[in-house]
Amino acid sequence: ATVEILEAGAERPSLREVARAAGVSQAAPYHHFGSRSGLLAAVATEGFVSLEEDLLEVIRRTNNAVRRVGKLTATYVEFALTHPQHYRLMFDPELEPDDEELELIARRVFGHLVGALADALPDAETKTVQARARQIFALAHGSIALAGSEALAKLGGPDTPEGIAREVASAVTALLAV
């Protein structure tokens, strides 16, 4: 079901179509997910879980706090650019607004950035660390959006997910050094 939903993009299948493709009764998806929005939230949650695994690997491998923030940002950007359908779904306004599991994993993923920033800015107040995390989040999302429209490449920037991620990480670490 995950592959079908992600490949369909904006034309996402109905729960009946998902049931047919999965070879289960038409009632099974309704029973398990409750609604189409619940199914989408479950697939988005899978995306956040996968992203979190990548982020935790960066945290384990990177001792320098400033570099860790840059690498976390790069990992986030690269994930979005190499899994664009999953990324779009993870931030889709159609998602179940009260899905606790999705909300929890999304906050946890953002919390990894906040934690790394707290390590990189040990003298900063909590509200400053959180504000910087939101700014980095916005920088990452803006870069992802511009990369998707090829605007970064048109401005002479990199045109591969790895190159774009590296450039964003470089900007983040440079800003932290100021």
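The values are calculated or read from the model by the stated rules, or taken from the named source; none is laboratory data. In this text the structure is predicted, and so the values were computed from the model without any measurement. Heads up, the Cβs are rebuilt from the backbone with ideal geometry, glycines too, and the neighbour counts pull from every protein chain shown. The accessibility values were calculated without ligands, DNA or RNA, using every heavy atom of the protein model including side chains. Shrake-Rupley method; radii C 1.70, N 1.55, O 1.52, S 1.80 Å.
Only helices (runs of 4 or more DSSP H) wholly contained in segment 112-178 count here; list those with 1 or more residues that are surrounded by 13 or more Cβ atoms within 10 Å (Cβ to Cβ) and under 15 Å from the mean Cα position of the chain (by Cα). Full working, then the answer.
Values: elements: 126-148, 151-154, 161-177.
So the answer is 126-148, 161-177.
Residue-wise test of (1) open to solvent by 30 Å² or more (accessible area, probe 1.4 Å); (2) among the aliphatic types (A, V, I, L, M); (3) on the phi < 0 side of the Ramachandran plot.
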| position | (1), (2), (3) |
| --- | --- |
| T73 | no, no, yes |
| E78 | yes, no, yes |
| L81 | yes, yes, yes |
| R88 | yes, no, yes |
| P93 | yes, no, yes |
